[in-house]
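Peer 1: After the structure tokens below, expect a handful of questions from me.
The values are calculated or read from the model by the stated rules, or taken from the named source; none is laboratory data. Since we're looking at a predicted model, the values are computed, not measured. Reconstructed Cβ throughout: ideal geometry from the backbone, glycine too, with neighbour counts over all protein chains shown. For the accessible areas, the whole protein counts, side chains as well, though only heavy atoms, and no ligand, DNA or RNA atoms are used. Shrake-Rupley method; radii C 1.70, N 1.55, O 1.52, S 1.80 Å.
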Amino acid sequence: MRIKRKPDNGGLARALALAAAVGAGAGVLLGLYMKAVQQLTGETVYTLLLNIDYITLLNELALSELGEFALHLVVSALVGIGLALAFRIVRWPVVQQTYAAIAVSLLIGLALFPTTLLSDRTPSIESGAAWSWWLVGHAVYGWVLGELLGLLKRKRRYLC
């Protein structure tokens with residue numbers, strides 16, 4: 001009699017945890033970049049990055065900067081997981097995955113910048129400088145995320 005082995009879901013859980021860690025790590029770099037830009041230029045892009053004024057229920061919480069940054073890292077981790085799962089399906093070479101991560105990150109940045117209209121603490125929608133800093137930051141985030149996911153792929157610690 002043969003004993004059927006259960007599939008190794010521990011490997012999937014480990015890979016998802018690594019993807020989340022990579023996403024959060026790239027999110028830390030994005031946060032540091034936005035904070036530096038805000039301190040050096042006065043453009044409130046870091047405030048926009050952490051802004052939750054427009055999210056029902058969350059906007060009722062009195063979160064510190066650290067609490068808002070933690071929420072940003074949760075979102076970054078979820079982006080890392082989402083991209084890792086997508087890359088598992090499409091099985092692109094690492095360079096294409098990095099380009100895709102940059103494109104997705106830019107799309108996220110483009111989608112989120114208009115939320116500046118929903119707060120008086122964030123940059124003007126008409127601020128070309130804020131748009132530029134914001135999109136450069138998201139492009140770099142995507143590049144870092146894509147490269148780190150590629151590194152995991154090359155080390156065979158990744159979903160694909």
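Peer 1: Looking at the stretch 117-126, is at least one residue of a type outside the set (Gly, Ala, Ser), modelled with pLDDT under 95 and assigned to a helix (DSSP H, G or I)?
Peer 2: Looking for residues that are of a type outside the set (Gly, Ala, Ser), modelled with pLDDT under 95 and assigned to a helix (DSSP H, G or I), one finds at least one in the stretch 117-126, hence yes.
Peer 1: Further question on the same structure: Being closer than 21 Å to LEU148 by Cα and modelled with pLDDT of 95 or more narrows it down to one residue among ALA13, ALA86, ALA77; which is it?
Peer 2: When all the criteria are applied, what remains is ALA77.
Peer 1: A follow-up question, please. Identify, please: which residue in the stretch 97-155 is in contact with a His (Cβ under 6 Å, 6 or more places away or on another chain) and of a type outside the set (A, V, I, L, M, F, W, C) and is, among those, farthest from GLY42 (Cα to Cα)?
Peer 2: Taking the stretch 97-155 first, the residues in contact with a His (Cβ under 6 Å, 6 or more places away or on another chain) are 105-106, 109.
Narrowing further to those that are of a type outside the set (A, V, I, L, M, F, W, C): 105, 109.
Working: SER105: 23, GLY109: 19 Å.
Within the stretch 97-155, the match that is farthest from GLY42 (Cα to Cα) is SER105.
Peer 1: In addition: In this structure, is VAL37 open to solvent by 30 Å² or more (accessible area, probe 1.4 Å) and β-branched (Val, Ile, Thr)? Reasoning before the result, please.
Peer 2: Working: open to solvent by 30 Å² or more (accessible area, probe 1.4 Å): no; β-branched (Val, Ile, Thr): yes.
Considered against the rule, which asks whether it is open to solvent by 30 Å² or more (accessible area, probe 1.4 Å) and β-branched (Val, Ile, Thr), VAL37 comes out as no.
Peer 1: Among residues belonging to the stretch 71-108 that are among the aromatic types (Phe, Trp, Tyr) and farther than 18 Å from ALA21 by Cα, point out the one that is most open to solvent (accessible area, probe 1.4 Å).
Peer 2: Residues of the stretch 71-108 that are among the aromatic types (Phe, Trp, Tyr), as a first pass: 87, 92, 99.
From what is left, the residues that are farther than 18 Å from ALA21 by Cα are 92, 99.
Values: TRP92: 97, TYR99: 150 Å².
Checked the stretch 71-108; the qualifying residue most open to solvent (accessible area, probe 1.4 Å) is TYR99.
Peer 1: Does any residue of the stretch 82-91 turn out to be free of Cβ contacts under 8 Å to residues at least 24 places away in the same chain, within 15 Å of TRP143 (Cα to Cα) and not aliphatic (A, V, I, L, M)? Explain how you work it out, then say what you get.
Peer 2: Looking only at the stretch 82-91, we keep the residues that are free of Cβ contacts under 8 Å to residues at least 24 places away in the same chain, and these are 82, 86, 89-90.
Add one more test, that the residue is within 15 Å of TRP143 (Cα to Cα), and what stays is none.
Taking every residue of the stretch 82-91 in turn, none turns out to be free of Cβ contacts under 8 Å to residues at least 24 places away in the same chain, within 15 Å of TRP143 (Cα to Cα) and not aliphatic (A, V, I, L, M).
Peer 1: Further question on the same structure: Report, by residue number, each residue of the stretch 46-63 that is over 24 Å from TRP133 (Cα atoms), among the hydroxyl-bearing types (Ser, Thr, Tyr) and at pLDDT 80 or above.
Peer 2: None; the set is empty.
Peer 1: Same structure, new question: Let me spell it out: the conditions are (1) in a helix (DSSP H, G or I); (2) small (Gly, Ala, Ser); (3) surrounded by 13 or more Cβ atoms within 10 Å (Cβ to Cβ), and ALA111 meets all of them except one. Which number is the exception?
Peer 2: (3)
Peer 1: Can you pull out every residue in the stretch 114-140 that is small (Gly, Ala, Ser) and surrounded by fewer than 16 Cβ atoms within 10 Å (Cβ to Cβ)?
Peer 2: Those that are small (Gly, Ala, Ser) and surrounded by fewer than 16 Cβ atoms within 10 Å (Cβ to Cβ): SER124, GLY128, ALA129, SER132.
Peer 1: Go through the stretch 11-38 and give me each residue that's touching a Phe, Trp or Tyr at 6+ places or on another chain (Cβ under 8 Å) and either without any contact (Cβ under 8 Å) to a residue 60 or more places away in the chain or of a type in the set (Lys, Arg) (or both).
Peer 2: GLY31, LYS35, GLN38
Peer 1: OK, next. Looking for something assigned to a helix (DSSP H, G or I) and open to solvent by 70 Å² or more (accessible area, probe 1.4 Å) - is there at least one such residue anywhere in the stretch 42-58? Explain how you work it out, then say what you get.
Peer 2: Residues of the stretch 42-58 that are assigned to a helix (DSSP H, G or I), as a first pass: 45-50, 58.
With open to solvent by 70 Å² or more (accessible area, probe 1.4 Å) added as a condition, the list becomes none.
No: the stretch 42-58 contains no residue that is assigned to a helix (DSSP H, G or I) and open to solvent by 70 Å² or more (accessible area, probe 1.4 Å).
Peer 1: Working carefully through the options SER132, SER105, find the one that is in a helix (DSSP H, G or I), under 20 Å from GLN39 (Cβ atoms) and of a type in the set (S, T, N, Q).
Peer 2: Result: SER132 is the single residue among SER132, SER105 that is in a helix (DSSP H, G or I), under 20 Å from GLN39 (Cβ atoms) and of a type in the set (S, T, N, Q).
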